[in-house]
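The values are calculated or read from the model by the stated rules, or taken from the named source; none is laboratory data. Please read these numbers as outputs of a predicted model, since none were measured by experiment. Here the Cβ is made from the backbone with ideal geometry for all residues, glycine too, and neighbour counts use every protein chain on show.
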Amino acid sequence: MTTTVPIGLAEETEIEAYADFVTGAPTPVRESLGIGSLRIGSALAFAIREDPSRFFNRAGGFSTGELITADVPAQVCDFYREHGVPEGAFMIAPPLLPADWASTAGKLNLTEGSRFVKLGCDAETTLSALDGVAALDPELRIGPVESHQADEWATVMMTTFGFTTPAMIDMAASCVGRPNWHQYAVWEGERIVAVGSLYINGECADMFGGATLPEGRGRGAQSALLTARARTARAEGCRWLVAETGAEGPNDHNTSLHNMLRTGFEPLYERSTWLWRDR
């Protein structure tokens, strides 16, 4: 099978998920965290001034139909600077980088950072592949997250990734029940041990925020969460699914990547993160 997810749509779906996750938070949370956003054509940039990780200071969604001229990243860098964040990132698919990108990156002091694998698949193909995935540990159960479970769900997701700022956990919790979002969790008894979200963007859906506590790993939790989200995406009429995870180096093993490959996802491309730092 050759995945045919349009590159522009894959990038758009990812950044729209992040943007809604961040900027859709209630006003008091946005003000507490210092959340800001900027749209330039198809591209979106946003920043969280009180996020010590700087992970959410990012720009993406660059389209195949728009030329990335030097003034676009320059505007984003100005936005980061004016918003008071010390670092921000650009997520641009390799086929969309302009021929003069090296020159633009040099002028704006952008440096190449971490690499991520962009994955995609046809929803029907994934559902077929899921038939051969190992079953969930019988001591675990999976289900959708309800509003009264939002805080626990958000705490598991954010702290597993290292985001411990209380207001950022509140930001995550606020997306439970929001339009275009579906959240799932895996429980052991009454305790959530793994989580995953799905963001719907028309015909394309993004697998967002899969995380598992140490005691839940190796027990089929993330495969079960991928299955539940793929079925929901198909029920919502999505044609494609996309996801992203860290690229592997020569001596690295990314369990998340291999879970997705087993469930029908295909690598679309590896994408470098281009970092801007205020100097």
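Could you check the range 201-232 and list, in sequence order, the residues that are touching a helix residue (DSSP H, G or I) at 6+ places or on another chain (Cβ under 7 Å), under 21 Å from Ala173 (Cα atoms) and not in a loop (DSSP other than H, G, I, E, B)?
Asn201, Ala205, Asp206, Met207, Phe208, Gly209, Gly210, Ala211, Thr212, Gln222, Leu226
Can you confirm whether Arg39 is basic (Lys, Arg) and surrounded by fewer than 13 Cβ atoms within 10 Å (Cβ to Cβ)?
Details: basic (Lys, Arg): yes; surrounded by fewer than 13 Cβ atoms within 10 Å (Cβ to Cβ): yes.
Yes, satisfied.
Yes or no: Thr126 among the polar types (S, T, N, Q) and buried (at least 18 other Cβ atoms within 10 Å of the Cβ)? Explain how you work it out, then say what you get.
Details: among the polar types (S, T, N, Q): yes; buried (at least 18 other Cβ atoms within 10 Å of the Cβ): yes.
Answer is yes for this residue.
Please go through (1) under 21 Å from Ala150 (Cβ atoms); (2) in contact (Cβ under 8 Å) with a residue 40 or more places away in the chain; (3) surrounded by fewer than 21 Cβ atoms within 10 Å (Cβ to Cβ) for Arg231 and return the number of the only condition it doesn't satisfy.
In the conditions (1) under 21 Å from Ala150 (Cβ atoms); (2) in contact (Cβ under 8 Å) with a residue 40 or more places away in the chain; (3) surrounded by fewer than 21 Cβ atoms within 10 Å (Cβ to Cβ), Arg231 misses (1) alone.
Under 9 Å between Cβ atoms, which residue pairs at least 6 apart in sequence (or on different chains) link something in the range 137-151 that is aliphatic (A, V, I, L, M) with a partner that is modelled with pLDDT of 95 or more and in a helix (DSSP H, G or I)?
Listed pairs, sorted by first residue: Val145/Glu152; Val145/Trp153; Ala150/Ala172; Ala150/Ala173.
Go through the range 170-197 and count every residue that is surrounded by fewer than 19 Cβ atoms within 10 Å (Cβ to Cβ), at negative phi and under 16 Å from the mean Cα position of the chain (by Cα).
Matching residues across the range 170-197 total 1.
Residues are listed down the side, and each one gets a yes or a no for (1) within 25 Å of Ile15 (Cβ to Cβ); (2) of a type outside the set (Phe, Trp, Tyr); (3) at pLDDT 95 or above:
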site	(1), (2), (3)
Pro179	yes, yes, yes
Gln183	yes, yes, yes
Glu188	no, yes, yes
Gly196	yes, yes, yes
Asp206	yes, yes, yes
Arg217	no, yes, no
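Filter the range 246-263 down to the residues that are surrounded by 14 or more Cβ atoms within 10 Å (Cβ to Cβ), at pLDDT below 85 and either in contact with a Gly (Cβ under 7 Å, 6 or more places away or on another chain) or assigned to a loop (DSSP other than H, G, I, E, B) (or both) and list them by number.
Thr263
For (1) touching a Lys or Arg at 6+ places or on another chain (Cβ under 8 Å); (2) under 21 Å from Phe208 (Cβ atoms); (3) assigned to a loop (DSSP other than H, G, I, E, B), each residue gets a yes or a no:
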{"residue": "Ala19", "(1), (2), (3)": "no, yes, no"}
{"residue": "Val22", "(1), (2), (3)": "no, yes, no"}
{"residue": "Pro28", "(1), (2), (3)": "no, no, no"}
{"residue": "Leu38", "(1), (2), (3)": "no, no, no"}
{"residue": "Phe46", "(1), (2), (3)": "yes, yes, no"}
{"residue": "Asp51", "(1), (2), (3)": "no, yes, yes"}
{"residue": "Phe56", "(1), (2), (3)": "no, yes, yes"}
{"residue": "Ala59", "(1), (2), (3)": "no, yes, no"}
{"residue": "Thr64", "(1), (2), (3)": "no, no, yes"}
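Just for the range 66-80: of the residues that are modelled with pLDDT under 95 and of a type in the set (Asp, Glu), which one is nearest to Ala102 (Cα to Cα)?
Asp71
What's the number of the condition Glu236 fails, among (1) at pLDDT 95 or above; (2) surrounded by fewer than 21 Cβ atoms within 10 Å (Cβ to Cβ); (3) in contact with a helix residue (DSSP H, G or I) (Cβ under 9 Å, 6 or more places away or on another chain); (4) among the acidic types (Asp, Glu)?
(3)
When you go through (1) polar (S, T, N, Q); (2) assigned to a helix (DSSP H, G or I); (3) within 16 Å of Ala172 (Cα to Cα) one by one for Gln75, which number turns out not to apply?
Gln75 satisfies every listed condition except (3).
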